[in-house]
1. What's the ranking of 27-34, 95-102 by average number of surrounding C-beta atoms within 10 Å, highest first?
2. Return the distance in nm (one decimal) between the two label points of a simple spin-label model at Q51 and V90, each offset 7 Å from Cα along Cα→Cβ.
3. Rounded to whole Hz and in sequence order, give me ³J(HN,Hα) for the stretch 106-120 from the Karplus expression 6.51 cos²θ - 1.76 cosθ + 1.60, θ = phi - 60°, writing x for Gly and Pro.
4. Given the DSSP H assignment, sum -39500 (n - 2.57) over each helix run of at least 4 residues in the chain and divide by its residue total; what's the result at 222 nm in deg cm²/dmol, nearest 500?
5. Whole-Hz ³J(HN,Hα) for each residue in the stretch 125-138, computed from phi via Karplus 6.51 cos²θ - 1.76 cosθ + 1.60 with θ = phi - 60°, x for glycine and proline: what do you get?
6. For a Förster distance of 22 Å, can you work out the FRET efficiency between the beta-carbons of A32 and L139, rounded to the nearest 0.05?
7. For A5 paired with L128, estimate the spin-label separation in nm (one decimal), with each label point 7 Å from Cα along the Cα-to-Cβ line.
8. At a temperature of 10 °C and a viscosity of 1.306 mPa s, determine how fast the chain diffuses translationally according to Stokes-Einstein, using the Kirkwood radius over alpha-carbon pairs as Rh; express D in µm²/s, rounded to the nearest whole number.
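Read-outs: derived from the displayed coordinates by stated rules, not from any lab. In this text, all values refer to a predicted model and were calculated from it rather than measured experimentally. All Cβ positions, even for glycine, are placed from backbone atoms using ideal geometry, and neighbour counts span all protein chains on display.
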Amino acid sequence: MTREAAHDILQAAQARLLEQPFSALLNAEILAIGPGRCELRVPVSRDLQQQHGFLHGGVVSYAADNALTIAGYRAMNQAVVTSEFKINYVRPAIGDAIVARAQCVHAGKTQAVCRCEVYAVSDGTERLCAVAQGTVALLSKPAG
């Protein structure tokens, strides 16, 4: 794939992400995308912290969920939705941003299983704050 084509895919994915109002609210950004993988960044702001000054776990979970789903989409090249995922918080997310890096570990005809590590980034240093695994399934259109 040419560098230009890769850039076009990244730009299209970012535009699609920002179609989700919640992603736009969080200022989420796709840093990298490829076959079966995704890297998603969310900047930390005071509005996203919980009472102890850590990034709220829901924001960490959002980043993992979206990175998993995008990685699954890129593995299957079809519209998908999260059907389930699990997250383990291993330390508080403290820093300037979080980065969620997901990769597909298995893609079948109707679903894909993906893993994700979420890092808190502070002054360029990354510290693992969560690990997630999830399943994405082909999007079925509701009957109607």
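1. Numbers: 27-34: 17.5, 95-102: 22.5.
My ranking of the peptides, most packed first, is 95-102, 27-34.
2. Placing both labels 7 Å beyond Cα along the Cβ direction yields 2.8 nm.
3. For the stretch 106-120, the Karplus curve yields 7, 10, x, 6, 10, 7, 9, 10, 10, 10, 8, 10, 10, 10, 8 Hz.
4. On the way: 3 runs with 40 residues, N = 144.
Mean residue ellipticity at 222 nm (helix-derived): -9000 deg cm²/dmol.
5. 9, 9, 10, 4, 10, 7, 10, 9, 9, x, 10, 10, 10, 4
6. Details: r = 24 Å, r/R0 = 1.07.
Computed FRET efficiency for A32 and L139 comes out at 0.40.
7. Roughly 3.5 nm, to one decimal.
8. Values: Rh = 15.3 Å.
Translational D for this selection: 104 µm²/s.
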